[in-house]
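Step one of this worksheet: look at the structure below.
The values are calculated or read from the model by the stated rules, or taken from the named source; none is laboratory data. Note that the structure is predicted; figures quoted are calculated from it, not measured. Here Cβ is always computed from backbone atoms with ideal geometry, including for glycine, and neighbour counts include all displayed protein chains. Just so you know, the surface numbers come from the protein's heavy atoms only, side chains and all, with ligands and any DNA or RNA stripped out. Shrake-Rupley method; radii C 1.70, N 1.55, O 1.52, S 1.80 Å.
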Amino acid sequence: MKKAITLASLIIVASLCGPTIAVGHGEKKAMKTGILLVSFGTSDKEAKVSFENIERLAHKKFKDTEIRWAFTSGIIRRKLAKSGVMIDSPTVALSKMYDDGFTSIAVQSLHTIGGAEYDELKEIVAKFKVGPEAFDKIELGAPLLNSYADLLRVAKEMLNEVPKERKNDEAVVLMGHGNEHHYSDLAYIAAAKVFKELDPLAFVGTVEGHPTLETVVEQCKAAKVKKTYLIPFMSVAGDHAKNDMASDDDGSWKSVLEKNGITCVAVLKGSAEYDSIASIWIEHLETAMDKLNN
Ligand code: CO
């Protein structure tokens, strides 16, 4: 009992001595920092393990900071709401954090590249820098691939995570998302180059942009590949990984490659399930948290 009282009083003392920030009229307001993790989202129950892993690592790093989630996809949020799972949009999540008295927010993007979705998130964050719901500080953490160093590290780690049974003459095909956004194609073409430099039989394609599946098939054929591992290059192994990549549907990556005489082994794991990759997002969160304290 005595121990419990001592601990409780310690917590009170600690919170009284916590960092404060000056507000008007000479008052001091306690600083309250929060983390908002933002993803496109998924309604796939199994794909959730990616998010759980990111949250686990974020919590390990920032034990005393509250972590909340937001999904950018309205379609996913509606779908989840129908099954009783309420997840906020970034705007709603930030408004709630404002109401709950947070003063400093690190928003961490769980996107792979700084593409269209990241740009949209940046605009939302900017709205909470000024105006009636302005936080004292709000920082946006970079997506996974934010520099050449990130890309090189991600490529090395992703290749390390390829199942060990893979033989020397077997390929690895990574499926990124991609879209028509001006930067997206450039990012994935750069990624394809870096993967190939590290491993001549590692090919990157995207669902909605460049490089295309067609390009990947041509590259596999040119290299006389007979078997390949199919690996999602997305944080979660959700709908795209299961349907577009690994299903037996006509037009899936697996079907198209197999029609071209290439046997496929699909690995249904999102990149955020690997600690080696997830920890890069966490480092970007750390950078954002550091900026809050400066
Ligand atoms: Co998509």
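Along the chain, the longest continuous region that contains none of the GluC sites (Glu not before Pro) in a DSSP loop with at most 12 other C-beta atoms within 10 Å is 28-164. With a threshold of 27 Å on the Cα-Cα distance, the over-threshold entries among Lys61/Lys193; Lys226/Lys269; Lys63/Lys242; Lys48/Lys221 are Lys61/Lys193; Lys63/Lys242; Lys48/Lys221. Against the longest principal axis of the chain, how steep is helix 182-198, in degrees 0 to 90 to the nearest 10, with axes from Cα atoms? Tilt of helix 182-198: around 60 degrees.
The residues of the chain expose, per residue, 52 Å² of accessible area to a 1.4 Å probe.
Beta bridges assigned by DSSP with both partners in the chain are antiparallel in approximately 10 percent of cases. Of the trypsin sites (Lys or Arg not before Pro) found in the stretch 253-294, not one falls in a DSSP loop while having at most 16 other beta-carbon atoms within 10 Å. Can you list the lysines whose alpha carbon sits under 16 Å from that of Lys127, skipping same-chain ones fewer than 8 residues off? Within the straight-line limit of under 16 Å, Lys127 reaches these lysines: Lys96, Lys137. Arg166 contributes about 50 Å² of solvent-accessible surface, heavy atoms of the protein only, 1.4 Å probe.
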